[in-house]
Amino acid sequence: MTMNPQPLTMYYDGACPLCECEVTVLRNRSKPGSIEFVDLGSHAFDEQAERVDRAAALEVIHGRIGDGPLLKGVDTFIEAYERADLRFASWLLRRQWLRPILDKAYNGFAAHRKTIARLVGTPLLALVKRRYRENKCIGDAIK
């Protein structure tokens, strides 16, 4: 699949260590300008300007390519993984026969994200940051 030249904007929970892990990986693997990350908890986040409901985006990941319609859940990850050169993951998520399973699995994860983050988020974030040797704060680079 050919990647859309417009940037993907991903709306994430900057207070969630699992979300920060994902952002760290994607930021380090993608080409500059291909993915923009917007922390939903930032004072700079503007629901009206972004046309994104903060509460809904905190429940299920949201994204948008350029000025297009919102992407939600697995569709957001497909686009992000393609842009981060995680082609196998993107290819796997695109399998239509797997979508019912993937959607259900993601929705289950999203429903329990905060509990999972409390259990494994902090050590996982430390490992990811060590892997990418990222010493800056994720929140410093928000849109």
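The values are calculated or read from the model by the stated rules, or taken from the named source; none is laboratory data. In this text, all values refer to a predicted model and were calculated from it rather than measured experimentally. Don't worry about glycine lacking a Cβ; one is built from the backbone with ideal geometry, like all the others, and counts go over all protein chains shown. Heads up: the accessible areas ignore ligands, DNA and RNA and are worked out on the full protein's heavy atoms, side chains in. Shrake-Rupley method; radii C 1.70, N 1.55, O 1.52, S 1.80 Å.
The strands (runs of 3 or more DSSP E) falling completely within segment 21-79 that include 2 or more residues that are in contact (Cβ under 8 Å) with a residue 60 or more places away in the chain map to 35-39. Considering every residue within segment 56-75, establish whether at least one is over 16 Å from residue 128 (Cβ atoms), touching a His at 6+ places or on another chain (Cβ under 6 Å) and open to solvent by 70 Å² or more (accessible area, probe 1.4 Å). Yes: segment 56-75 contains one or more residues that are over 16 Å from residue 128 (Cβ atoms), touching a His at 6+ places or on another chain (Cβ under 6 Å) and open to solvent by 70 Å² or more (accessible area, probe 1.4 Å).
Only one of the numbered conditions (1) part of a loop (DSSP other than H, G, I, E, B); (2) out of contact with any helix residue (DSSP H, G or I) (no Cβ under 6 Å at 6 or more places or on another chain); (3) surrounded by 14 or more Cβ atoms within 10 Å (Cβ to Cβ) is not met by residue 14, and that is (2).
Within segment 103-128, the residues that satisfy the criterion of being of a type outside the set (A, V, I, L, M, F, W, C), open to solvent by 60 Å² or more (accessible area, probe 1.4 Å) and more than 14 Å from residue 17 (Cβ to Cβ) are 104, 107, 112.
Residue pairs whose Cβ atoms lie under 8 Å apart, sitting 6 or more positions apart in sequence or on different chains, and linking a residue in segment 126-137 that is among the aromatic types (Phe, Trp, Tyr) to a partner that is at pLDDT 50 or above and open to solvent by less than 50 Å² (accessible area, probe 1.4 Å), are 132/24; 132/25. Residues that are in contact with a helix residue (DSSP H, G or I) (Cβ under 8 Å, 6 or more places away or on another chain) and under 15 Å from residue 59 (Cα atoms) within segment 78-110 comprise 103, 106, 109, 110, listed in sequence order.
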